[in-house]
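**Student:** Take this structure, written in structure tokens, and hold onto it; I'll ask about it next.
The values are calculated or read from the model by the stated rules, or taken from the named source; none is laboratory data. Keep in mind that what you see is a predicted model, and the values were worked out from it rather than measured. All Cβ positions, even for glycine, are placed from backbone atoms using ideal geometry, and neighbour counts span all protein chains on display.
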Amino acid sequence: MSSVEKRFYAVASGTLGTMRLTGQMFSMGIAMLILSLHIGHTQIHAGILPRVFLRSMKVAFVFFAILCCRGGLCLIGERQSSIGTQGERWSDANRGLLLPRYCFRLLSDILF
């Protein structure tokens, strides 16, 4: 929202809310697909449900963890590609310091 002019706050807020809700819908759809693929056409009863449910949730957590890591790496790559616009040099002396600094900025932007 900080990159939007004040006169476009309503549109930006609506777009942001729509994208968040769309992401939640896709996440629930993927979780339901994984659950249905693991349960299949078997009859659900107390003996089979904990084993199948836990197995499908482990698969879902691994899938979403990989998806989150990929998104984070893309964001870090995007921030590093904008280094030249900020006047910083990508030299051998500076190369080891840029990635931790941008990771810290990324985490601080997300958490705070």
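**Student:** Can you tell which of ARG105, ARG55, ARG101, ARG70 is of a type in the set (Lys, Arg), at pLDDT 80 or above and surrounded by 12 or more Cβ atoms within 10 Å (Cβ to Cβ)? Outline the logic, then answer.
**Tutor:** Working: ARG105 fails: at pLDDT 80 or above; ARG101 fails: at pLDDT 80 or above; ARG70 fails: surrounded by 12 or more Cβ atoms within 10 Å (Cβ to Cβ).
The conditions single out ARG55.
**Student:** Consider only pairs whose beta carbons are under 9 Å apart and that are at least six residues apart or on different chains; among these, list those whose first residue lies in region 52-66 and is in a helix (DSSP H, G or I) and whose second residue is surrounded by fewer than 14 Cβ atoms within 10 Å (Cβ to Cβ) and of a type in the set (A, V, I, L, M).
**Tutor:** Here the result reads VAL52/ILE44; SER56/LEU37; VAL59/LEU37, each pair linking region 52-66 to a residue that is surrounded by fewer than 14 Cβ atoms within 10 Å (Cβ to Cβ) and of a type in the set (A, V, I, L, M).
**Student:** Would you please name the residue that is surrounded by the most Cβ atoms within 10 Å (Cβ to Cβ), looking only at residues in region 1-33 that are under 24 Å from VAL59 (Cβ atoms) and among the aliphatic types (A, V, I, L, M)?
**Tutor:** So, considering only residues that are under 24 Å from VAL59 (Cβ atoms) and among the aliphatic types (A, V, I, L, M), the one surrounded by the most Cβ atoms within 10 Å (Cβ to Cβ) is ALA31.
**Student:** Here is a further query. Looking at region 20-51 only, could you name the residues that are out of contact with any helix residue (DSSP H, G or I) (no Cβ under 8 Å at 6 or more places or on another chain) and touching a residue at least 12 places away in the same chain (Cβ under 8 Å)?
**Tutor:** Matches in region 20-51: none.
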